[in-house]
Amino acid sequence: MRLIFLMIFCFCLQSCGSNDWSVPKALKSFLTLVDQIDDDNDTVGGFGAGTHNQTQWAIVDEWVELQPGQTSGDFVSRVMDAGSTVSWTDIMWTPQRPLYKELPDNGQSETAYSQGNANMTDNVLLMHMNESGGMIEDTSGNNNDGTAYGGVTYGAAGRFNTALDFDGTNGYVEVTDDDSLDIGSGLTIEVWIRPDGSGPVIYRKNDFVLTTSNFTLYTNIGETGTLSDSSFGAQSIVFNNSYVNTPVVLVTPVTDSNGNNYPIPAVSAVNTTGFDVSLCVDAGSSTCEATYSQETAHYFVFDVDKANQLSWIDAGTKSSVSTDGSSTSLTFGKTFSNAPSVWTTAQTYSQGGNIASVTWADDDMTTTGVTLIGCVHQGTGNVCTSGQPSETVGYVAIDTNTADIDTFQTGFSDISNSSWTPAAFSPAYATPRVMVTQNDNDGWQDPQYPWARDVTGLGMDFRYCEADGANYCDSHTNEKTYWFAVEDGDIMAPAETINYSSGTGSWVLLTAVYNGTTMSLYMDGALVDAKPVSVSFLNDENILIGRDGSGFFDGMIDEAVIYNRDLSPAEILDHYRRGAVRLRYQVRTGSVSPLSTSWTGPDGTGATFYSELSNSTPGFPFLTLTNVPDNQFFQYRAYFDTDNVSYPPELKSVEIGPAHYLERLE
């Protein structure tokens, strides 16, 4: 309670004689400021003079709060008397923390509140979803506005103001890639969702996806490319990506421009920046053809460090693999859940101009290893040539039952008589890259070459070529021939995934965090799970809200936020509380007290409320009262609500304006 007294003291002397003093008469006029502030528990002019309904005054903390265990309640203030008919124009209040308030725009950070101030440092995307149509505004200050497509409904009832409602069929918002959206070593994604079903919420290809059931970070485990040649001689390939340790290179020819003469990829000088390769056409001679009709090959580069962090893939090399058709045992670097398929390419070329070696895996693979068969076919014989140098062979073993490579498709056929066999891609590719291998050895020591041709977005032909003669693929035994395909570019795979369930029908805050070494997922401010992981973001794709590469979100989305840093657990909880805990107000005036008029909000009806939803500043709420009749008496009602009894609203003071004065004469 605050009372300010303004005293105007006027002293007038009556007439008097030279020695005759009369008794002086004084007029005192007092202007008393009407107490329009509640900030203590005073029973005359504070919260103590009002009426509590499932609320209480906290003696130690000195604020109004919900009673323990309550999720809603209200406080009705005392009646304020201005002494005459006046205008009541504004309301301000001091909560302990920002409540029911959208995050600040343009990178502003809050400092006024005792707790829960939002720090918007490194905020790169902020979408309140309050539009009634058109572009979805990014108010972070970076102007990364989004475009809505398909079944997106504006103006749905949001967690804060309004939200976007996604139909789960074809509705989504797309944010065009921009340098301001680049993520470094830290990432936080925050979004309020009210799911009606399952689906992707926020997605950036090759970097991350946040869905109603999982948070996944992607890692770049390699890259693809093509090469062409029409003469024997090494060409150098430079990698697009950086590698800490020497990667594994796989190469498959994808044309047959020289009939049945197989262009063997002769890979050499593999290092962290690139490799050399020649296409060695085997036309029945002991040496590679000097010139030939142009052939094309697809190559794959696998990062051994990143790939081997994943449970379903093992990439590595095996040295001293014999080239005479004999067996070499390979033990995988891990134990698989299922016996994998194995693709191989020699990483060295030690044949000195002679026909290059090929290597394939037998069909005896287990979850722990496989037998490799290396072979050089230097001449017209029907067996591998003996006495030639061994090679170091690169291999990639993939458990195709559990493999999770982006755009990955795979298949096999038990091919007889070296025949070309069709394989279809579904879905179709834009620019596919394919790898073929043989995981069988029914031909024993016969030279056997895996091959592809006529590769399009819809499919290809593939086979093995069993070279029993000089320059042709022989009709011979069945061999199990395997292939895989991916879209051209980086080979992306989930580095790690956290699973959870966001449920349906209720608002929930999902917060996904990466701090450079650990990924974490929070629901409603509480940690669900955390896992160690190391990734580098590519930052080269558009951001999609409400869809990923294969599905769409069904439900409402509000307050979608991305930071280029990892928020602390305290910040995450604070952001949950500003949405899950609410303080709202209605007011009324009247000419007589006690008041019996209706409680109203900004539109003059009981359907609306004053709250921090209307506070776009980083400071305390100071709101204009609208549609409030001029009257002598005024009263406010504060509504307290929370989604979690552990986090009640806390109200420290309420002030009504403008100031009014009562005049008293004595």
- request: Give the range 124-177 a look and list any residue that's open to solvent by 30 Å² or more (accessible area, probe 1.4 Å) and of a type in the set (Ser, Thr, Tyr), or say none.
  value: SER132, THR147, TYR149, THR153, TYR154, THR162, THR169, TYR172, THR176
field: Tally, over the range 514-544, of residues that are more than 19 Å from ASP406 (Cα to Cα), touching a Gly at 6+ places or on another chain (Cβ under 8 Å) and open to solvent by less than 40 Å² (accessible area, probe 1.4 Å)
entry: 2
- line: By residue number, the members of the range 399-417 that are in contact with a strand residue (DSSP E or B) (Cβ under 6 Å, 6 or more places away or on another chain), aliphatic (A, V, I, L, M) and closer than 24 Å to VAL301 by Cβ are ILE405
query: Just checking, which of SER536, SER598, SER616 is more than 30 Å from PHE215 (Cβ to Cβ) and either assigned to a helix (DSSP H, G or I) or modelled with pLDDT under 95 (or both)?
result: SER616
- prompt: Out of curiosity, is SER646 of a type in the set (Ser, Thr, Tyr), modelled with pLDDT of 95 or more, more than 27 Å from VAL60 (Cβ to Cβ) and in a loop (DSSP other than H, G, I, E, B)?
  reply: no
Which numbered condition GLY411 fails, given (1) open to solvent by 50 Å² or more (accessible area, probe 1.4 Å); (2) within 36 Å of the chain's Cα centre (by Cα): (1)
statement: Flagged pairs (Cβ under 9 angstrom, 6 or more apart or on separate chains; first in the range 29-40, closer than 11 Å to MET80 by Cα; second in a loop (DSSP other than H, G, I, E, B) and modelled with pLDDT under 90) are ASP35/MET1; ASP35/ARG2; ASP35/LEU3; ILE37/MET1; ILE37/ARG2; ASP38/MET1
Residues within the range 619-643 that are under 32 Å from the mean Cα position of the chain (by Cα) and either part of a helix (DSSP H, G or I) or farther than 14 Å from TYR100 by Cβ (or both), tallied: 1
message: What's the number of the only condition in (1) more than 29 Å from ALA570 (Cβ to Cβ); (2) outside any loop (DSSP other than H, G, I, E, B); (3) under 14 Å from the mean Cα position of the chain (by Cα) that ALA156 fails to meet?
response: (3)
task: Report whether or not GLU655 is modelled with pLDDT of 95 or more, acidic (Asp, Glu), farther than 19 Å from ASN161 by Cα and in a strand (DSSP E or B).
output: yes
- request: Kindly indicate the residue of the range 572-595 that is outside any strand (DSSP E or B) and over 18 Å from ASP641 (Cα atoms) and also least open to solvent (accessible area, probe 1.4 Å) among those meeting that condition.
  value: ILE572
Per-region count, the range 349-364, residues in contact with a strand residue (DSSP E or B) (Cβ under 6 Å, 6 or more places away or on another chain) and open to solvent by less than 50 Å² (accessible area, probe 1.4 Å): 10
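The values are calculated or read from the model by the stated rules, or taken from the named source; none is laboratory data. A quick note: this is a predicted structure, and the numbers were derived from the prediction, not measured. Backbone-built Cβ (ideal geometry, glycine too); neighbour counts: all protein chains shown. Ligands, DNA and RNA are excluded from the accessible area calculation, which covers all protein heavy atoms including side chains. Shrake-Rupley method; radii C 1.70, N 1.55, O 1.52, S 1.80 Å.
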